[in-house]
Amino acid sequence: MKTEILAPAGGAGSARCALLAGADAIYLGLSEFSARASAENFSVQELAETARFAHLLGAKVYVCLNTLVKDSETAGFFALAERAWNAGADGILLQDIFLGKALKEAHPEMVLHLSTQAGCNNIYGANLAKQYGFSRVVLARETPLEEIKKISEIIETEVFVQGALCSCFSGQCYFSSFAGNNSGNRGRCKQPCRKQYSIDRKGYEGFAYALSTSDLCTGERVKELVAAGVTSLKIEGRMRREEYTAAAVQYYRALLWGENAEGALSRLKRAYNRGDYTAGLAFGQKADFLSRRVQGHIGERVGTLSIDKGKYFCRSSFAAKSGDGFKILRKGEEVGGAVFAGSGAGGFYLSSNAKLFAGDEVRVTTDTAAYAYPEKKRRVEIKIEIRAGELPLAVSGELRYTGEVPAQAAKSAPLTEEEIRACFEKTDSLPLLPVVTVKTENAFYPKSALNAFRREFYARLVNYLAPVRTPLQEAEFSACVSVEEGALRAVMVGDNAKPQDADIVIYKPKDYGKITVPAFGKEKFLYLPPLFTGADEDLIAGALHAFDGIYAEGSYGIELAKKYNKTLFAGAGCNLTNAFAVNGITAAGAKYFVLSHELSSREQDELSAMGAFALSGGVKVMELCYCPFERTCKECDKREFYTLTDSDGRKFPLRRVRHSEGCRFEVYNCAPLAAEKGKANGILDCTAEKALAGVPPTRGHAMRSML
């Protein structure tokens, strides 16, 4: 199977740019349910037009309906999914696996892809997605290469190879939501991870971009992903400029085709480059993973600064010109911007409002030179026959079109093959490359009639190459929850927890290699994180016999619980926000489940079926599957808790957890979540209790649901 290059399309312009640059497929969002709500996005009519253009090129269009969907929105969601499919979408991306299951049951012909927001990263999640009718999973960016190989043997995989990296495990970030009611799970992330923080550990006390990741660029290692069986190589960037999209597509096409990719990489860096790139967590965390000192686009290095008669001069081979923009770095930190101020011998002059010094690094961030690339066209073979006394015939593939007016016998100069070929090589604005063969015998055909014959043929060829989708029959979707008042109490505890009055205990170890079983609670569950690899399973398998069940922060827990014959407690990370999800998780075997803490109390009450729980206490707002201390293990003090402090003085507990491959970290909200008197059972997270001692609680989304 050919490996697909999948490009982002924030709007119609970037869609066309990506397709003409050679993308095999694009992905885009509509005005609703898109995880990039701030992108230009598409109307259904614009989707139809874009899909027609893509299909003419032999490319595909995937539509992102990948936000969390509240119960009051499910009717609109299903209707939009049907309209998107009817408009020509080749696949629909969803975050909610249970809504996907309902869609597939109603419309078996619909192709579904499970969004990275669903957090699939192991064989259990992959098997569940396949059972529920998904054709492909977009893997979590944290998925290790060895897991990618295993999953690719089960189902089609789509893997990010370029663009911005989320600091938090996708679908598990509530930082923006709790900080300002702008939910990343609803496509409205305000990116608090890109702000400056200090951490109370030696060497990290100063403010820096402590959680800001470098941009992903797998580069040559993309070949390892292809060897692992990955179907689609995904470029992130629906919010970025068209030249970035074109440059990224060009770069990965060159890598896959074994061409010299140096020029394409240079254009890509100039279009957008945060942190000089990282290969990402699929290949293990390296020193370049975080961009602690510089935030935003830093472009490509083109030289160093000198002072020439009081003017700033950059000696460089880069052909700078009016309109170009530059960023100046000093010892790795940004000190200001600059613009082109004239050419000089062996370089160019710069103008800047900042105080610059000799030796400062000059990087170009806006290159006004045209991003030239050969526009992709689809090769079509066309056979034309025009003979005297016969109707003209045009054939392409299985398409045969016969004209209505026969050709006449030529009295003097008959039509030549060259004349007919030249006529049919005119495609107007169609992205086609016709290869025309002609047969003609002593025929005369008026030029106007020949042009009309060509236009009619191409109209039919467009419908042949990009047929209009047969509309789905509208289906009826309904789900309701039988609400029951809950009276159970669950607590989530770490190591050395004191006995508490609780029906259920969920144990979160600080080291999964040293699991101890709490001595209290009628039922005991082992907490399992959203990133759960085969190595993690090996680490905990021997301890599972001592627990009644597992508390899993992802739908993968459904299949894992079945394997080990354990009771399933579906965690908050399952993001249950509607009746389809609640009914789906219970039908799949969950005895208990946590409702999304981004819902209001009223919305939680409406979904409080038997076994429903509402969270209070410590709120984990980020799951970091990397070390924010850049794996400086020799100097590490190995504390369980640190404090992450923002520029406003808010303090967020930062918890270390030891897993199979090393340490991961959890960020907790700066205030505990108050318990609401609702219908659901209560679950109190005491993991960060000491770190939040004395801090007044917040009601979170109790009165105002997520946006």
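Points worth noting:
- Within straight-line cross-link reach of LYS522, aspartates and glutamates at Cα separation under 19 Å, skipping those fewer than 8 residues along the same chain: ASP495, ASP501, ASP503, ASP548, ASP685
- Note on semi-axes √(5λ) of the Cα gyration tensor in Å: of the candidates (i) 51, 36, 20; (ii) 47, 35, 22; (iii) 43, 31, 23, the value calculated from this structure sits at (i).
- Rounded to the nearest 10 degrees, the inclination of helix 262-271 to the longest alpha-carbon principal axis of the chain is 60 degrees.
- Spin-label model, LYS690 to LYS309: label points 7 Å out along the Cα-to-beta-carbon direction sit 6.8 nm apart.
- Mean separation of Cα contacts under 8 Å (6+ apart) over length of region 329-488, as relative contact order %: 18
- Length gained when the stretch ARG455-ASP538 is fully extended (0.36 nm per residue, less Cα-Cα span): 23.4 nm
- Protein heavy-atom accessible surface, 1.4 Å probe, per residue over the chain: 41 Å².
- The length gained by stretching the chain between THR427 and ARG330 to full extension, at 0.36 nm per residue less their Cα-Cα distance, is 29.6 nm.
- Each Lys and Arg contributes +1 and each Asp and Glu -1, all at the Cβ; summed about the Cα centre of the chain, the dipole is approximately 1580 debye.
- Computed extension length for LEU472-LYS202: 91.1 nm, one decimal, from 0.36 nm per residue of separation with the Cα-Cα distance subtracted.
- With respect to the chain, whose longest principal axis is taken over its alpha-carbon atoms, helix 97-106 is tilted by about 50°.
- Efficiency of FRET from Cβ geometry, SER351 and ALA79, R₀ 60 Å, rounded to 0.05: 0.65
- 222 nm mean residue ellipticity, helices alone, for the chain (DSSP H n ≥ 4; -39,500 (n - 2.57); rounded to 500): -6500 deg cm²/dmol
- If R0 equals 60 Å, the separation of the Cβ atoms of ALA519 and ARG400 corresponds to a calculated FRET efficiency of about 0.15.
- Charge dipole magnitude, Cβ of K and R +1, D and E -1 - region 31-92, Cα centre, debye nearest 20: 140
- Using a cut-off of 23 Å between Cα atoms, the listed pairs LYS70/LYS677; LYS202/LYS514; LYS562/LYS591 include LYS202/LYS514 as exceeding that distance.
- Spin-label pair GLN295-LEU256: with each label point 7 Å from Cα along the Cα-Cβ axis, the two points sit 3.5 nm from one another.
- Only lysines eight or more places from LYS311 in sequence, or on another chain, were considered; those with a Cα closer than 16 Å are LYS355.
- Unit charges at the beta carbon, dipole of the chain: most positive-side option, SER596, GLY682, THR643: THR643
- Violating pairs (Cα-Cα greater than 19 angstrom) within the set LYS60/LYS150; LYS234/LYS269; LYS190/LYS269: LYS60/LYS150; LYS190/LYS269
- Look at the dipole of region 391-549 built from charges on Cβ: of GLY403, PRO499, ASN442, the Cα furthest out on the positive end belongs to ASN442.
- A straight Cα-to-Cα reach below 20 Å connects LYS383 with the lysines LYS426, LYS439, LYS447, residues fewer than 8 places away in its own chain not being considered.
- Spin-label model, ASP648/THR437: points 7 Å from Cα along the beta carbon direction are separated by 7.1 nm.
- Label-zone membership for region 477-499, site LYS638, 7 angstrom Cα→C-beta point, backbone N under 18 Å: 495-496
The values are calculated or read from the model by the stated rules, or taken from the named source; none is laboratory data. Note that the structure is predicted; figures quoted are calculated from it, not measured. All Cβ positions, even for glycine, are placed from backbone atoms using ideal geometry, and neighbour counts span all protein chains on display. Keep in mind that these areas ignore ligands, DNA and RNA; they rest on the heavy atoms of the full protein, side chains included. Shrake-Rupley method; radii C 1.70, N 1.55, O 1.52, S 1.80 Å.
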